[in-house]
Amino acid sequence: MEAAVLTDRFPRTQVLASQDMPTYQVAGEDLVETVRFLRDAQGFDLLADLCGIDWKDRTPRFGVVIHLLSTTHKEYVRLHVGAVNDAVPSVSSLHPGANWHEREAFDMFGIRFEGHPDPRRILMWDAYPYHPLRKEFPLAGIEVPLPAADVAEVTGQTVEPAPMMGGPFVSPGGKMSEGEPSALDQSWNEEKPKA
Amino acid sequence: MGGCPNLRQTTMVKSDFGYNSKVEGEVIVTRADAVVNWVRSHSVWPMPMGLACCAIELMGAGGSRFDISRFGMEVMRFSPRQADCMIVAGTVTYKMAEVVRRIYDQMAEPKWVVAMGACASTGGMYRSYATLQGVDNIVPVDIYISGCPPRPEALLDGMMLLQEKIRQEGGSLKRTFRGRTVETKIVR
Ligand code: SF4
């Protein structure tokens, strides 16, 4: 598919630099129509992936990346879309496979998908107060109560920050590469008596 | 039959070894604890709490190659009401911790817990916001098995260690049930 096919039809769409597949920045208002056009007119009939991104310092801070595959032309296309007020239109009405991906992006980043039929968390429990893949969230976690109050009462257990020292992502000094996940020792504590 | 005192005993030949059959006949004297524990240790009914990759090795231990039934614990039950040993095989997330504890509570006394592998024992390599750092935070664990995953032999070794532990338990006729001590009566 030529880039002009998309940019002519949706003038707000921009071509982004990419090393592997054609990549476009799509405006939120155009997203559903773009995906519909790609599916129905251009043969991009399979939603291969949908994920959230936290850009940290950019505006808009959150974004969604969609990979579409054409099973007839054997071609991929990647769509970037920025979140407006942390919200992005849902494409799960066009590709049912997007349903759980969007729930995961909501769970991990707090991106709301407008028009999603079932906008609940999917990995963490419903009452969990944070979105763990946001940049400011510590890998070790933040203390909150266990999801089940009766189990918490019997065991005295809470969801507590995990010990980091000695773990796989902790550098014992020195600087880790920027490209790797890394963590500081935040709460190493072996004094807690076990049940 | 020459030099075997045990065989002679069973055929009621008078012997200088073992029990004095003139006095005791076919009676064996022991402690109730020892008998009860012996029975329990050879009929462990595991509840396979398979939560991650360790469960694959647990299945391996149940298969013909490693054959857990050699040790009298092949009757894996997926209902906690029919099991007395929970083998926690895998990563326990905080979301799953509730379920693990509930299933433990539903198992009938006496019951034991085996933490199989690094994850169940300590959280393993998952030092993150989502993973319970050791199932012993929510249920009492009897045996910890190291490894990621432990080989089936290690599981069998751990289970035999559990049998050893069961055999040494005292007061096996007494149990606490909802805060009360209940004593099992032996009917003669
Ligand atoms: S200890 Fe290793 S093999 Fe076992 S559940 Fe954890 S990661 Fe998987």
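No lab work stands behind these numbers, since they all come straight from the coordinates. Worth saying up front: this structure is predicted, and the values here are computed from it rather than measured. Cβ sites come from the backbone with ideal geometry, for glycine too, and all protein chains shown count toward neighbours.
Within 10 Å of each Cβ in peptide B:139-147, how many partner chain Cβ atoms are there on average? Round it to a whole number, please.
The shielding value for this peptide is 1.
Rounded if a/c is under 1.5, else prolate if a/b beats b/c, else oblate: with a ≥ b ≥ c from the C-alpha gyration tensor eigenvalues square-rooted, which is region B:46-167?
oblate
Take every residue in peptide A:137-145, count the Cβ atoms of other chains within 10 Å of its Cβ, and give the average of those counts.
Taking the mean over all residues of the peptide, I get 2.
Averaged across the residues of B:90-97, what count of C-beta atoms belonging to other chains lies within 10 Å of each residue's C-beta? Show your work: numbers first, answer last.
Numbers: counts 0, 0, 0, 4, 12, 9, 1, 8.
Average per residue, whole number: 4.
Do you know the relative contact order of region B:46-167, to the nearest whole percent, from alpha carbon pairs under 8 angstrom that are 6+ apart?
Computed value for region B:46-167: 27 percent relative contact order.
If you plug each phi of region B:49-65 into the Karplus form 6.51 cos²θ - 1.76 cosθ + 1.60 with θ = phi - 60°, what whole-Hz ³J(HN,Hα) values come out, in order, with x for Gly and Pro?
These are the phi-based 3J(HN,Hα) values: 8, x, 10, 7, 4, 4, 4, 5, 5, 4, 5, x, 5, x, x, 5, 5 Hz.
Only Cα pairs under 8 Å and at least 6 apart count here; give the relative contact order of region A:3-114 as a rounded whole percent.
Relative CO of region A:3-114 lands at 24 percent.
Would you kindly calculate the translational diffusion coefficient of region A:3-114, applying Stokes-Einstein with the Kirkwood radius from alpha carbon pairs, for 10 °C and a viscosity of 1.306 mPa s, and quote it in µm² s⁻¹ without decimals?
This corresponds to a translational diffusion coefficient of 114 µm²/s.
Order of B:157-165, B:32-40 by packing, highest average Cβ count within 10 Å first?
Put in order of decreasing packing, that is B:157-165, B:32-40.
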